[in-house]
Amino acid sequence: MAYTYPKSVRIVEMSPRDGLQNIKTNVPTEVKIELINKLYDTGIKDIEIASFVSPKWTPQMADAAEILQQLKQPENTSHVVLTPNMRGFDRAIESGAKEVAIFAAASETFSQKNTNCTIDESLERFVPIMEKANKLGIRVRGYTSCVLGCPYEGDVDVAVVVKVTKALIDMGCYEVSLGDTVGLGTPVKARLMMDAITKEVPGNKLGLHFHDTRGQALANTLACLEYGIASIDSSVAGLGGCPYAPGASGNVSTEDVVYMLDGMGIETGINLEKLAAVGHYITEKIGCCNNSKIGAVYK
Ligand code: HMG
Ligand code: MG
């Protein structure tokens, strides 16, 4: 049987943003910076380092500007920051951001709960951001949340997933990451979603952003890898979860993804042993569980 897996995959590390945003006790800025530096030292090139959301909504991300300003970015790496609106975009640019991510959802209820607006309003919000980003030469990544189900509405219409994702690409996002926000998906469902979406958007403009709430994220990742996927979002130690998605647990663990890809001969450029050590470092620092299976092997 012929497999058509990619030769290499770009890992977009989520732990400093998705991984920490839902932690209730304040994680000191210097710990976040140390985490990011240690992640770069593993060979990871792309890290979502913070979000410029409203600090009233997500207090853990209130120090995004300090993080961006204090970090020394290694060459040939990319720092992404999440921006929900023009206020967040302007704050990010003032702090020196060169790449931002905007986020919309395929569920009306989640859109309201997470960003206090309808899906259409969120897309309208992004148009002037894209125009400004174009003028300033800022790269913009997009997210579609709830692609395999919604914590409030349950099943989500795949036509809406396609519509939102295509809208983000059409407005200029170089890539859209598909969020299974609360890990409701299973492999065949994930493939059906990819079948529909890749009719409109090529796989090399898509990323996978699967949360592992029900232990399906790695299986879903594998199911989608044959679609020419450009990148996989993951979090060291399986940290993560959206504060406005009840029941959400962490992203798929980066250690587990890298182990699987290594075994399949798919390059990531990441040193697994160093990565596992970073997972132990951050979980010990913030006093929470390490949810990575491979992390446990390297303990
Ligand atoms: P809103 O309350 O409708 O905003 O929130 P507003 O425009 O009415 O402003 C209210 C106040 O917030 C004002 O301050 C604004 O200045 C301030 P006040 O006058 O009351 O003092 N404000 C801001 N301050 C700093 N930075 C900003 C900003 N915007 C407004 N950017 C808003 C709308 C979108 C801001 C809010 O809903 C929000 O911040 N939402 C983000 C919530 C969040 O952090 N969610 C998690 C990230 S998304 C995620 O995890 C999913 C993902 O991982 C993919 C997946 O898993 O599916 C990406
Ligand atoms: Mg997420």
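The values are calculated or read from the model by the stated rules, or taken from the named source; none is laboratory data. Because the structure is predicted, anything quoted here is derived from the model rather than measured. Cβ: placed from backbone, ideal geometry, glycine included. Neighbour counts: every protein chain shown. Note: accessible area is taken over every heavy atom of the protein model, side chains too, but ligands, DNA and RNA are not part of it. Shrake-Rupley method; radii C 1.70, N 1.55, O 1.52, S 1.80 Å.
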If each of Met86 and Tyr5 carries a label point 7 Å out from its Cα toward its Cβ, how far apart are those two points in nm?
4.6
Debye, to nearest 20: dipole size of the range 1-72, +1 on Lys, Arg Cβ, -1 on Asp, Glu Cβ
180
Rough spin-label spacing in nm, given labels placed 7 Å along Cα→Cβ, for Asn76 and Val188
4.4
Expressed in angstrom and rounded, the centroid-to-centroid distance over alpha carbons for the range 230-266 and the range 136-155 is 16
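Could you please report the charge total around Ala223, scoring K, R as +1 and D, E as -1 over all other residues with beta-carbon less than 12 angstrom from its beta-carbon?
Result for the local shell: -1.
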If you count only protein heavy atoms with a 1.4 Å probe, what accessible area per residue comes out for the chain, rounded to a whole Å²?
41
With the dipole of the chain worked out from charges on the C-beta (+1 for Lys and Arg, -1 for Asp and Glu) around the Cα centre, which of Val160, Leu136, Ile23 lies farthest toward the positive end?
Leu136
With the charge dipole of the range 196-296 built from beta-carbon charges (+1 for Lys and Arg, -1 for Asp and Glu) about the Cα centre, the Cα from Tyr259, Ala248, Ile294 projecting farthest to the positive end belongs to Ala248
To the nearest 0.05, the calculated FRET efficiency linking Lys24 and Lys199 through their beta-carbon distance, R0 being 41 Å, is 0.45
In the chain, what cysteines have no partner Cβ closer than 4.7 Å?
Cys117, Cys173, Cys224, Cys242, Cys288, Cys289
In a shell of Cβ-Cβ distance under 10 Å around Gly250, excluding Gly250 itself, what net charge do Lys and Arg (+1) and Asp and Glu (-1) give?
-2
Of the accessible area of the range 147-299, computed with a 1.4 Å probe and all protein chains kept, carbon and sulfur make up a percent value of 53
Using the basic label-point model (7 angstrom from Cα toward the beta carbon), what is the Asp155 to Gln69 distance in nanometres?
5.1
Pull up the cross-link candidates among the lysines for Lys199, meaning alpha carbon to alpha carbon under 25 Å and not fewer than 8 places away within one chain.
Lys7, Lys163, Lys166, Lys189
Can you order the peptides 163-175, 261-273, 100-112, 222-234 by their average number of other Cβ atoms within 10 Å per residue, highest first?
100-112, 222-234, 163-175, 261-273
Please give the calculated 222 nm ellipticity per residue for the chain, where each DSSP H segment of at least 4 residues contributes -39500 (n - 2.57) and the sum is spread over every residue; nearest 500 deg cm²/dmol?
-11500 deg cm²/dmol
If you place +1 on the Cβ of every Lys and Arg and -1 on the Cβ of every Asp and Glu, how big does the dipole about the Cα centre of the range 143-299 come out, in debye to the nearest 20?
120
Per-pair calculated FRET efficiency, R0 = 45 Å: Lys285 and Asp170 via Cβ, rounded to 0.05:
0.60
